[in-house]
Amino acid sequence: MVDILPWQQDIWQGLIGRTQHAHAYLLHGPAGSGKRQMAELFARFLLCKQPQAAQACGQCRSCKLYAADSHPDMLRVEPEEPGKGILIAYVRELVASIQQTAQQGGRQVVILEPAEVMTLESANALLKSLEEPSAGTVFLLITHQLSFLLPTIKSRCVLQACPLPDLAQAKTWLAQQLPSLDDTQLTKLLQLSGGSPLKAQQFAEDNVLQMRADVVEGVKQLLKRQLAPAQLAGQWTKLPTVLLLDWFAQWCQNILRYQLTQNTVDLGLQDMQPVLGHMAKFVQAEQLTETHSWILERRNKLLRRAPLRADLLLESLLVRWMGLIGF
Ligand SMILES: [Zn+2]
């Protein structure tokens, strides 16, 4: 089991230091800030039979069951598949299970993530449990889209913000996890991950720095017409398509912003600044906005596991990209 992340120490002390635990907490903050990790540690702490000063003991029966992922009072609710909603059937099952256990007494913890994908029906079904709490049940709702949640849900929970660390703290932590990387590599990983050290660590494991360099080089060759869209798409089929789409969507935004401000900072990461700066001279804002929406639409389809062929999708993307500068 992992430790509390250094940028969450104060939040952690605040949570476990409460004289009385709330019935429901809503952990919210940017993706990759470590909300899930903290919720897991908090759940283990709440279930532990003999918690130490600041954490679960790790020794009691409860901690052992938790570690084996078989604690009967640890309930988890999530969508059937990533990108899908949390269905009412799950929430009903949860509510029934809570009521049954509550009758036997004892504590139970529910982790529900991501809270923003609850359907309206599900949220209303959950609301009943939040309004008439069973003694001993603690809900830990997690979201990075706080504004998508019903006000009635939010008002029943203690809201706990989980921000990202500042850049210095993020880099210090990341350097400890990845001692073989130099400062430039760490900085780039953090830039690519939007400042999330956890995501940056994952990117390092997935060799994303090399991938990024290859992709940037590929785009340059495409624009110089040294590679055709189909050839480049063929080279990229093994790469994570959603991440590629993220980058292209980001580049659209970079160009749009730069066209307004003429500020190089708005061109994003250094590796693409020359290419995007050049494109910004020719591209119509309207066409860019259209391409941006096209990318996001495909990205959402992929997240919902729509059967799209990566090579064809990437080829269409690259043909569009060339079209932006009139090829
Ligand atoms: Zn314990």
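Most exposed first by the Cβ proxy, i.e. fewest other Cβ within 10 Å, how do Thr237, Thr19 rank?
By the 10 Å Cβ count, ascending, the order reads Thr19, Thr237.
Please find the FRET efficiency linking Glu132 to Leu303, where r is the Cβ-Cβ separation and R0 is fixed at 56 Å, and quote it to the nearest 0.05.
0.95
Can you give me the relative contact order of the chain as a percent, contacts being Cα pairs under 8 Å and 6 or more apart?
Numbers: 397 pairs, mean separation 56.6, N = 327.
Contact order relative to length: 17 percent.
Would you list the P(r) distribution for the range 1-65, with all Cα-Cα distances sorted into 10 Å bins from 0 and each bin expressed as a whole %?
Spelled out per bin, shortest first, that is 20, 54, 24, 1.
Lys224 versus Glu80, label points 7 Å from Cα toward the beta carbon: distance in nm?
Modelled inter-label distance: 5.0 nm.
By the scheme Lys and Arg +1, Asp and Glu -1, what is the net charge of all other residues having a beta-carbon under 12 Å from that of Val275?
Working: positive: Lys220, Lys224, Lys281; negative: Glu217, Asp271.
With Lys, Arg at +1 and Asp, Glu at -1, the net is +1.
Within 10 Å of each candidate Cβ there may be at most 14 other Cβ atoms; applying that plus a DSSP loop requirement, which trypsin sites (Lys or Arg not before Pro) in the range 288-327 survive?
Sites meeting the loop and neighbour criteria: Arg304, Arg305, Arg309.
Kirkwood hydrodynamic radius (Cα pairs, Å) of the range 6-161?
Roughly 15.8 Å, rounded to one decimal.
Using Cβ counts within 10 Å as a stand-in for footprinting exposure, how do Lys84, Lys224 rank, fewest first?
Lowest count first: Lys224, Lys84.
Neighbour counts of other C-beta atoms within 10 Å: give me Ser196, Ser155 arranged from fewest to most.
Values: Ser196 22, Ser155 9.
The most exposed by this proxy come first: Ser155, Ser196.
What pairs from Lys188/Lys220; Lys199/Lys224; Lys220/Lys281; Lys188/Lys301; Lys35/Lys238; Lys171/Lys281 go past 24 Å between their alpha carbons?
Working: Lys188/Lys220 19 Å; Lys199/Lys224 33 Å; Lys220/Lys281 16 Å; Lys188/Lys301 28 Å; Lys35/Lys238 30 Å; Lys171/Lys281 35 Å.
Among Lys188/Lys220; Lys199/Lys224; Lys220/Lys281; Lys188/Lys301; Lys35/Lys238; Lys171/Lys281, the Cα-Cα distance tops 24 Å for Lys199/Lys224; Lys188/Lys301; Lys35/Lys238; Lys171/Lys281.
Starting from the Cα gyration tensor of the range 67-111, take the square roots of the eigenvalues, sort them a ≥ b ≥ c, and report rounded, prolate or oblate (rounded when a/c is under 1.5, otherwise prolate if a/b is larger than b/c, else oblate).
Since a/c reaches 1.5 but b/c is at least a/b, the shape of the range 67-111 is classed as oblate.
Using only alpha carbon pairs under 8 Å that are at least six residues apart, calculate the relative contact order of the range 206-324 and give it in whole percent. Spell out each step's value before the answer.
Numbers: 86 pairs, mean separation 41.6, N = 119.
Relative contact order, the range 206-324: 35 percent.
Reachable aspartates and glutamates from Lys128, Cα under 20 Å, same-chain residues fewer than 8 places away excluded?
Cross-link targets: Asp73, Glu78, Glu93, Glu113, Glu116.
Please sort by residue number the chymotrypsin sites (Phe, Trp or Tyr not before Pro) in the range 209-318 whose DSSP state is loop and whose Cβ has at most 15 other Cβ atoms within 10 Å.
Phe282
With the contact rule set at Cα under 8 Å and sequence spacing of 6 or more, what percent relative contact order holds for the range 91-185?
Here the relative contact order equals 30 percent.
Among Ala22, Ala67, Ala170, determine the one that fluctuates most according to a GNM of the chain built with springs between C-alpha atoms less than 10 Å apart.
Looking only at Ala22, Ala67, Ala170, the biggest GNM fluctuation is shown by Ala67.
In Å, the Kirkwood hydrodynamic radius of the chain over pairs of distinct alpha carbons?
22.4
Answer rounded, prolate or oblate for the range 206-324, using the Cα gyration tensor with square roots of eigenvalues a ≥ b ≥ c: rounded when a/c is under 1.5, else prolate when a/b is larger than b/c, else oblate.
prolate
Set the Förster distance to 25 Å, then compute FRET efficiency between Ser316 and Gln169 from the Cβ-Cβ distance, nearest 0.05.
0.05
Quick note: the coordinates plus some simple rules give every number you see, no bench work behind them. If you're wondering where the values come from, they're calculated on a predicted model, not measured in any experiment. Using ideal geometry, Cβ is built from the backbone for each residue, glycine included, and neighbour counts are taken over all protein chains shown.
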